[in-house]
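The structure appears below as structure tokens.
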Amino acid sequence: MPVTTPGVCVIIAARNAARTIPVAIASALREAEVAEVVVVDDASTDDTQDVARAADDGSGRLSIIRLDVNRGPSFARNTAIKASRSPFVSILDADDFFLEGRFRRLFASADWDFAADNIMLIRDDAATDPTKVSAPLFAADPEFLDLERFVDGNISRRRVLRGELGFLKPVISRAFLDRHGLSYDENLRLGEDYELYARAVACGARFKVIRSCGYGAIVRADSLSGRHRTQDLKRLADADLALLAIDNLPEGSKAVLRRHERHVRDKYRLRNFLDVKAERGLASAAAYAFASQSNLIPIVRGVASDKLDALFRRTGIAAKQQVPPLRFLMVGTSTVKD
């Protein structure tokens with residue numbers, strides 16, 4: 001059964017996004033189902049606030065909140081959610097945009113608490129106007145994510161272009177968040193979407209995913225998500241430990257959460273080793289590596305893999321990984337007429 005007059009609040013956490021936020025806001029205001037657009041300017045040092053205000057279409061749906069201190073995307077999104085009243089919340093990054101008709105497809109049925117669609121990943125230099133890039137008409141092919149499938153879909157693979165399910169940008173039922181007391185973890189500046197979605201699914205959320213494409217994400221070399229700090233990895237690994245403490249998790253879910261925690265923790269150990277080496281020298285870094293087997297194995301493995309990758313590129317055995325101009329988060333299995 002379709003949802004009638006759904007009433008969506010689009011929340012946009014923005015920092016130094018003056019160049020891209022007009023397209024994001026316009027794509028949200030274009031959708032008839034959008035009742036509110038709340039932009040939270042997270043202490044930008046450019047004119048993001050003024051540019052966002054200038055993107056108003058006069059419908060009275062746009063509001064802008066300015067933070068004087070940078071608090072990170074989790075705090076900004078929580079602030080936007082608290083300031084809104086619509087029964088559904090939709091996440092939009094400040095340098096991304098919605099494709100026309102997105103919400104009509106997502107609200108075609110009411111059998112979900114979270115609903116996400118495919119993401120068109122567009123390289124920054126691929127088009128002068130990214131909103132004019134058309135997506136193939138993939139069939140919806142709906143599925144529901146359980147915790148094991150979702151968490152496993154967030155374990156990245158070396159030499160494979162990133163495509164974790166935590167990148168999904170769902171529409172979220174406010175009633176579900178309120179019923180379970182869920183919000184973004186403000187200690188996280190990396191993986192905050194993953195943590196919220198995983199916790200929601202662990203609480204019983206029906207997380208529906210369709211393969212038709214309704215979200216355009218611009219892939220930039222200088223994106224904020226690509227400049228995370230070493231401690232951000234540690235906090236994300238710790239978040240997995242907190243998820244493991246949820247009551248009555250099935251053993252399969254616990255196993256995949258432990259696997260994700262080790263995956264992230266190993267990244268942290270390697271990154272911390274490199275930080276210590278840069279700041280205090282090789283002797284201190286070696287002492288950190290040999291302090292425990294848990295440190296040593298991922299550090300040796302990571303350094304060896306990095307050295308081999310560099311050698312293979314120099315000798316021509318392997319080319320540097322190229323980001324295609326256009327790709328999709330999820331493979332579309334078929335095409336249909338809209």
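Cβ-Cβ contacts under 7 Å between residues 6 or more apart (or on different chains), taken from a first residue in segment 196-212 that is in a strand (DSSP E or B) to a second residue that is of a type in the set (Ser, Thr, Tyr), are listed as 207/197; 211/333. Across segment 89-110, what is the number of residues that are outside any loop (DSSP other than H, G, I, E, B) and either without any contact (Cβ under 8 Å) to a residue 40 or more places away in the chain or crowded, with 21+ Cβ neighbours inside 10 Å (or both)? So the answer is 8.
Residues in segment 53-70 that are under 26 Å from the mean Cα position of the chain (by Cα) and under 21 Å from residue 32 (Cβ atoms) were compared, and the one that is surrounded by the fewest Cβ atoms within 10 Å (Cβ to Cβ) is 56. For segment 200-221, the set of residues classified as more than 11 Å from residue 118 (Cα to Cα) and of a type in the set (Gly, Ala, Ser) consists of 200, 202, 204, 205, 221, listed by residue number.
Residues in segment 12-38 that are part of a loop (DSSP other than H, G, I, E, B) and farther than 13 Å from residue 48 by Cα: 30, 31, 32, 33. Do the conditions hold for residue 93, that is, is it acidic (Asp, Glu), under 21 Å from residue 327 (Cα atoms) and modelled with pLDDT of 95 or more? So residue 93 passes the test. Restricting attention to segment 239-250, the residues being surrounded by fewer than 18 Cβ atoms within 10 Å (Cβ to Cβ) and either within 14 Å of residue 192 (Cα to Cα) or among the hydroxyl-bearing types (Ser, Thr, Tyr) (or both) number 1. Residues that are part of a loop (DSSP other than H, G, I, E, B) and within 20 Å of the chain's Cα centre (by Cα) within segment 166-183 comprise 168, 169, 170, 182, 183, listed in sequence order. Total residues in segment 39-53 satisfying the condition of being hydrophobic (A, V, I, L, M, F, W, C) and in a loop (DSSP other than H, G, I, E, B): the figure is 1. Each residue in segment 111-122 was checked for being assigned to a strand (DSSP E or B) and charged (D, E, K, R), and 1 of them qualify. Looking only at residues in segment 90-108 that are of a type in the set (Gly, Ala, Ser) and more than 18 Å from the chain's Cα centre (by Cα), the one that is farthest from residue 174 (Cα to Cα) is 101.
When you scan segment 272-285, do you find a residue that is surrounded by 10 or more Cβ atoms within 10 Å (Cβ to Cβ), modelled with pLDDT of 95 or more and outside any helix (DSSP H, G or I), even just one? Among the residues of segment 272-285, at least one is surrounded by 10 or more Cβ atoms within 10 Å (Cβ to Cβ), modelled with pLDDT of 95 or more and outside any helix (DSSP H, G or I), which makes the answer yes.
Listed here are the residues, each with its yes/no results for (1) in a helix (DSSP H, G or I); (2) modelled with pLDDT of 95 or more; (3) out of contact with any strand residue (DSSP E or B) (no Cβ under 9 Å at 6 or more places or on another chain).
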site: 59; (1), (2), (3): no, yes, yes
site: 81; (1), (2), (3): yes, yes, no
site: 127; (1), (2), (3): no, no, no
site: 136; (1), (2), (3): no, no, no
site: 140; (1), (2), (3): no, no, no
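The values are calculated or read from the model by the stated rules, or taken from the named source; none is laboratory data. Everything quoted here is computed from the prediction, not taken from an experiment. Glycine also receives a Cβ, built like all others from the backbone with ideal geometry; neighbour counts cover every protein chain displayed.
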